[in-house]
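**Student:** I'd like to ask some things about the structure below.
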Amino acid sequence: MASTDETHLDDLRDEYRDSGKAPRPRRELASEMKPLEFARYCWRQLTSMRTALFLLMLLAVAAVPGSTFPQENNDPAGVAQWRLDHPTAYPWVDRLQGFHVYSSVWFSAIYLLLFISLIGCVTPRVAVHWRALRAKPPRTPARLERLPEHRAATLTAGPGQVLDTARAVLARRRFRVERRDGSVAAEKGHHRETGNLLFHLSLVGLLVAIASSSLFSYSGQRLVTTGGTMTGTQMDSFSGGTWTTIDDVPPFTLTLDSMDVAFEAQQTSQIGEPRRFSADVTLTDEPGDDPRAETIRVNHPAKVGHTQISLSGNGYAPVLVVRDGQGNVVQDGATPFLPQTSNYDSTGVVKVPDAVDADGDPVQIGLRGVFLPTASTNADGAPVSAFPDMAQPLLVANVWTGDLGLDEGVAQNVYTLDTTGMTQVQDADGQALALTMVPGQTVQLPDGLGSVEFAGVERFASFDVRSTPGQTAALVFALLATLGLVLSLFLPRRRVWVKAVPATGGAGSRVEVAGLARGSDAGLAEEVEGVLARLRTALGEPGDDPGGPGGSPAHPPVGDHEQPVHAPEEKS
């Protein structure tokens, strides 16, 4: 059976060939695009709104690693710790620029593509919108009753008077109006598209502002004790943008003259809350300039050009005088102790690398202590501070000897003491030595190590030096984007036409008012009814019920499904 079918098919093919009919032409494949055509195709795809939205979402996803991994320019210590904790994964993350996300090649590529896409998408729409703003309202449709909202009435005034009055009424309603033969065309709501464009243009400006902040901003911190001085090129910590180094900080000089800090001591519910927090400083913008007095308070920074110097913290700096076993002063100065609680329980260390003992042998000494501005005890009997102001100061410290690690050339945190290669000093009873001192007290160290004098207490202030060149621009563009979004969402786009013809019998006019909106507009019916009502009032006509003899139904059926259909326009 199969062979018979195959033979029959072969006979049909031969008969078709012998018939002399031309074979069906083959569908030709599209020719390959030329380089210029391919470039235009890629540009159209890149500048489409769909691509812009996709790139915006991709940028948000690409920013996730920046908050997952510590960044080298902001937290180098965190990167070093992550390397120690994840020795296997670190090389792979580093190759993928996971510790430099915001300056990486792939993040920058997404950012630039989004920037180009938004510009290419918005720019043509600006030209189109500009032409639409200058264009006249559209022609009046021939059959107004086919529009979504339509009202009709018979008025006693003539057609010319009706149209002149309608023009005035619509103009007061902020419509762009044009009087034509037998009708008035009006349109408003073009600024809906203006808001849309403003939103997208502001988004472009926001991207530029964020990019400039990422490239040129910097932030540095410095702790200064009372009477101490800091300069713009010396920071305790510094983080800069991609194109910024510490050399870009203005070479100002700041001297901390005094601190003015006060805490709540009366209201029981707010005991210890800060009430006054300011620093009196002497500031010199550049070497050779005249110094000026400034008072830096919370949210009131001092400024040097575009750089802000803010007060970010304060605390206590006990003044410790350390003498070695030969009686030589090897440490004399205020040492900042960092607050750990709201009552300023503060911790700090003192490192003395160049001391000698009573026998003249070199020895390195380290003190690690806790300073309590208002000493008290908790329920367990442990010393704590009961109030943040300095009412009953007390210093408790332990003493260590051994290798401080300062000779290894590795940077150390000045606020921590590494006791790995050190031995804790013990008292005569074989217990860990704990120095308990009040201002003015001197304690002798055992084993001929010397003495420690608690000479007094000074204050310190932490200053934050920051420059964010795109901050103000970002705020302005964010507000403009919000304004544009509000306009595009809540400003309706409407068209209204009023047509007036002589009424049947020659007395008065037959008036039609119709409206059309772009998209869904719940207020269109009210707009059309309001135009007709104001037209009646302006002409001194009595009002009619919507369903009365002089009016039309409030919601006339349109077609079979009460949906608007295309309304043909009048031929000019």
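The values are calculated or read from the model by the stated rules, or taken from the named source; none is laboratory data. Everything numeric here is computed off the predicted structure, so don't read it as measured data. Here Cβ is always computed from backbone atoms with ideal geometry, including for glycine, and neighbour counts include all displayed protein chains. What goes into the accessible areas is simple: the full protein's heavy atoms, side chains included, and nothing from ligands, DNA or RNA. Shrake-Rupley method; radii C 1.70, N 1.55, O 1.52, S 1.80 Å.
**Student:** For the range 348-384, give me each residue that is farther than 16 Å from V438 by Cα, among the β-branched types (V, I, T) and open to solvent by 20 Å² or more (accessible area, probe 1.4 Å).
**Tutor:** Listed by number, the residues that qualify are V356, V363.
**Student:** Name the residue, out of R174, R131, that is loosely packed, with under 15 Cβ neighbours inside 10 Å, charged (D, E, K, R) and assigned to a loop (DSSP other than H, G, I, E, B). Reasoning before the result, please.
**Tutor:** On the way: R131 fails: assigned to a loop (DSSP other than H, G, I, E, B).
Unique residue meeting the criteria: R174.
**Student:** Identify, from the list G327, G348, the residue that is of a type outside the set (S, T, N, Q), outside any strand (DSSP E or B) and either more than 15 Å from V425 (Cβ to Cβ) or under 45 Å from the mean Cα position of the chain (by Cα) (or both). Quick ask: steps written out before the conclusion?
**Tutor:** Values: G348 fails: outside any strand (DSSP E or B).
Among G327, G348, only G327 is of a type outside the set (S, T, N, Q), outside any strand (DSSP E or B) and either more than 15 Å from V425 (Cβ to Cβ) or under 45 Å from the mean Cα position of the chain (by Cα) (or both).
**Student:** Scan the range 461-479 for residues that are open to solvent by 60 Å² or more (accessible area, probe 1.4 Å), outside any loop (DSSP other than H, G, I, E, B) and in contact with a Phe, Trp or Tyr (Cβ under 8 Å, 6 or more places away or on another chain) and report the count. Talk me through it step by step, then tell me what you get.
**Tutor:** Within the range 461-479, the subset open to solvent by 60 Å² or more (accessible area, probe 1.4 Å) is 466, 469, 471-472, 475-477, 479.
Then keep just the ones that are outside any loop (DSSP other than H, G, I, E, B); that gives 466, 471-472, 475-477, 479.
Add one more test, that the residue is in contact with a Phe, Trp or Tyr (Cβ under 8 Å, 6 or more places away or on another chain), and what stays is 466.
Result for the range 461-479: 1.
**Student:** Also: Can you tell me how many residues in the range 416-460 are open to solvent by less than 70 Å² (accessible area, probe 1.4 Å), among the hydroxyl-bearing types (S, T, Y) and under 49 Å from the mean Cα position of the chain (by Cα)?
**Tutor:** 1
**Student:** Sticking with this one: V208: surrounded by 21 or more Cβ atoms within 10 Å (Cβ to Cβ) and either of a type in the set (A, V, I, L, M) or more than 30 Å from A168 (Cα to Cα) (or both), yes or no?
**Tutor:** Values: surrounded by 21 or more Cβ atoms within 10 Å (Cβ to Cβ): no; either of a type in the set (A, V, I, L, M) or more than 30 Å from A168 (Cα to Cα) (or both): yes.
Taking the combined requirement at face value, the residue does not satisfy it.
**Student:** Pick from the range 238-288 the residues that are open to solvent by 30 Å² or more (accessible area, probe 1.4 Å) and aromatic (F, W, Y): which of them is farthest from R466 (Cα to Cα)?
**Tutor:** Within the range 238-288, the match that is farthest from R466 (Cα to Cα) is F277.
**Student:** For the range 461-486, how many residues are more than 22 Å from the chain's Cα centre (by Cα) and within 19 Å of L197 (Cβ to Cβ)?
**Tutor:** Quick first cut of the range 461-486, residues more than 22 Å from the chain's Cα centre (by Cα) only: 461-463.
Going one step further and asking which of them are within 19 Å of L197 (Cβ to Cβ), we end up with none.
Going through the range 461-486 one residue at a time, the tally reaches 0.
**Student:** Related question: Could you tell me whether the range 514-530 includes any residue that is out of contact with any strand residue (DSSP E or B) (no Cβ under 8 Å at 6 or more places or on another chain), outside any loop (DSSP other than H, G, I, E, B), within 21 Å of R174 (Cα to Cα) and at pLDDT 90 or above?
**Tutor:** Taking every residue of the range 514-530 in turn, at least one turns out to be out of contact with any strand residue (DSSP E or B) (no Cβ under 8 Å at 6 or more places or on another chain), outside any loop (DSSP other than H, G, I, E, B), within 21 Å of R174 (Cα to Cα) and at pLDDT 90 or above.
Here's the yes/no breakdown for (1) under 30 Å from W43 (Cβ atoms); (2) of a type in the set (K, R); (3) over 23 Å from the mean Cα position of the chain (by Cα); (4) part of a helix (DSSP H, G or I):
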| site | (1), (2), (3), (4) |
| --- | --- |
| A80 | no, no, yes, yes |
| R83 | no, yes, yes, yes |
| P87 | no, no, yes, no |
| G98 | no, no, no, no |
| Y102 | yes, no, no, yes |
| S108 | yes, no, no, yes |
| L112 | yes, no, no, yes |
| S117 | yes, no, no, yes |
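**Student:** Sticking with this one: Out of G195, G205, G189, I need the residue that is closer than 30 Å to I309 by Cα and under 43 Å from the mean Cα position of the chain (by Cα). Which one? Lay out the reasoning, then the answer.
**Tutor:** Numbers: G195 fails: closer than 30 Å to I309 by Cα; G189 fails: closer than 30 Å to I309 by Cα.
Criteria check complete, one pass: G205.
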